[in-house]
Amino acid sequence: MQTVKMINFVIMCLFFACYMYQFLYIPVSWLPRRKSRADAPLHRIAILVAARNEQAVIGNLLDSIAAQSYPARFLHVFVAADNCTDKTAQTACAHGAEVYERFDTAKRGKGYALDFLLREMERRGHTDFDAYIVLDADNVLDRDFVLHMNETFSEGKDIVTCYRNSKNYGDNWISAGYALWFLRESRYLNAARARAGTSCAVSGTGFLFSRAVLESQGGGWDYHLLTEDIEFTIENVTAGRRIGYCADAVLYDEQPVRFSQSWTQRLRWSRGYLQVFRKYGGRLFSGIVRGSFSCYDMAMSIMPAAVLTGVSIVVNLGAAAVNVFHYHEWDVLAVSALQTVLNLYLTLFVLGAITTATEWRGIHCPGWKKIAYVFTFPAFMLTYVPIVVESLFVTPEWTHIDHTRAVTVQQICAPGFRDAV
């Protein structure tokens, strides 16, 4: 069993070697950041929303857009009501959006809906926009969201991502696990990347891209892997674009609360990472050879953790089988496996604790829950282990995630809301 202990030690060392730079990102993110231009020119911006059966929440999103401090004459909202069987289209129209209905059950997923929406806009002559912001129907926006995104865009960033907060952090350990990860991604990955002058990464929703980017990809949205946001990111990073980050543009997102739903979603993400790496791995490694740290950063973000986790599991399960059937001893193996899990738990605990401490005021739930969820965060992240293993053998279909938290930004930020969740 000494061999197994050594392999586990080597795997932990590889984890450390691959991801040590992300620990260095932590102090980098604390460095003072340059203020955005307060006199940024106003650009015409189209907001794109792909919505499937979202009548419960899309009204709040559209109301938060209508309440933006950015001049309304420079904003236009377009919604793709994608294979809806409820009143999403009617609700969106009633709240001022221009809605196009799509019915195509063969091509399912957000990527296809965005492609349909952009091409339909083009067909109808909506071509006079400088930039596009992609949102999900369950989002709500801080009042100055678009204003700040426009400021960063005006600095010359063709793609910009935002600060992703949660509107249901305090529901349970699952929603908190998601939310804490996205807060960490915003503050300790993208913010640090922006300060270091490397490329940030787009994460699902709340990102802007320019008309030039749209034209470079043929006027549509040609990203249809299971994680179309990561595919979009890697395509542009390997093409030499630097994705910007706007810390002042705050978006509130709804997170899953059921473990079965979370498992299905994260299985899709895990398989999507594999798909992206298969498609872009060569280009990423080519960029690394040419000295692109952004390519190295993106490669580390989508692949090594899954591979190393899979290798660790195979080694330990194989050793367990050999040990039980041939030597009838497995106490040494058990100790080695527990040490590996404990090391991972402590690492994730530290990351969660640092994020919770620095983002404390922006986390909208009772204080005791904020503390409790620091301890459950590592457990949530460790549930990725069996999910990653399953993703090696299963290709899930895109499935709709139900959203029900119809709240406003004012309600989320109110002290009473914190006490109620």
### Query
Taking the stated definitions as given, is ASN190 in a loop (DSSP other than H, G, I, E, B) and open to solvent by less than 10 Å² (accessible area, probe 1.4 Å)?
no
### Query
Within the stretch 402-417, which residues are surrounded by fewer than 16 Cβ atoms within 10 Å (Cβ to Cβ) and either touching a Gly at 6+ places or on another chain (Cβ under 6 Å) or in a loop (DSSP other than H, G, I, E, B) (or both)?
ASP402, THR404, ALA414
### Message
Testing LYS35 on (1) at pLDDT 95 or above; (2) open to solvent by 60 Å² or more (accessible area, probe 1.4 Å); (3) not in a helix (DSSP H, G or I), one condition comes back false. Which one is that?
### Response
(1)
### Task
Scan the stretch 246-263 for residues that are crowded, with 24+ Cβ neighbours inside 10 Å and not charged (D, E, K, R) and report the count.
5
### Summary
Those residues of the stretch 63-82 which are of a type in the set (Phe, Trp, Tyr) and open to solvent by 10 Å² or more (accessible area, probe 1.4 Å) amount to PHE74
### Single residue of THR376, THR356 found to be modelled with pLDDT of 90 or more, more than 20 Å from ASN139 (Cβ to Cβ), open to solvent by less than 30 Å² (accessible area, probe 1.4 Å) and hydroxyl-bearing (Ser, Thr, Tyr)
THR356
### Task
Can you work out which of the residues in the stretch 221-233 that are open to solvent by less than 10 Å² (accessible area, probe 1.4 Å) and either at pLDDT below 95 or under 22 Å from GLU397 (Cβ atoms) (or both) is farthest from the chain's Cα centre (by Cα)?
TRP221
### Query
Does THR85 qualify as being of a type in the set (Val, Ile, Thr), open to solvent by 40 Å² or more (accessible area, probe 1.4 Å) and over 28 Å from TYR188 (Cβ atoms)?
yes
### Task
Within the stretch 88-109, count every residue that is buried (at least 19 other Cβ atoms within 10 Å of the Cβ) and outside any strand (DSSP E or B).
6
### Message
Cβ-Cβ under 9 Å, sequence separation 6+ or interchain: first residue in the stretch 258-280 and farther than 20 Å from VAL237 by Cβ, partner part of a helix (DSSP H, G or I) and of a type in the set (D, E, K, R). Which pairs?
### Response
TRP263/GLU390; LEU267/GLU390; SER270/GLU390; ARG271/GLU390
### Query
Just for the stretch 122-149: of the residues that are part of a helix (DSSP H, G or I) and surrounded by fewer than 22 Cβ atoms within 10 Å (Cβ to Cβ), which one is nearest to the chain's Cα centre (by Cα)?
LEU147
### Query
Checking ASP171 against (1) part of a helix (DSSP H, G or I); (2) over 14 Å from the mean Cα position of the chain (by Cα), which test does it fail?
(1)
### Query
Quick one: would you say GLY218 is open to solvent by 10 Å² or more (accessible area, probe 1.4 Å), at positive phi and in contact (Cβ under 8 Å) with a residue 24 or more places away in the chain?
no
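The values are calculated or read from the model by the stated rules, or taken from the named source; none is laboratory data. All values reported here derive from a predicted model rather than from experimental measurement. Methodologically, a virtual Cβ is constructed for each residue, glycine included, from the backbone with ideal geometry; neighbour enumeration extends over all protein chains shown. Remember, those area values only see protein heavy atoms, side chains included, never the ligands or the DNA or RNA. Shrake-Rupley method; radii C 1.70, N 1.55, O 1.52, S 1.80 Å.
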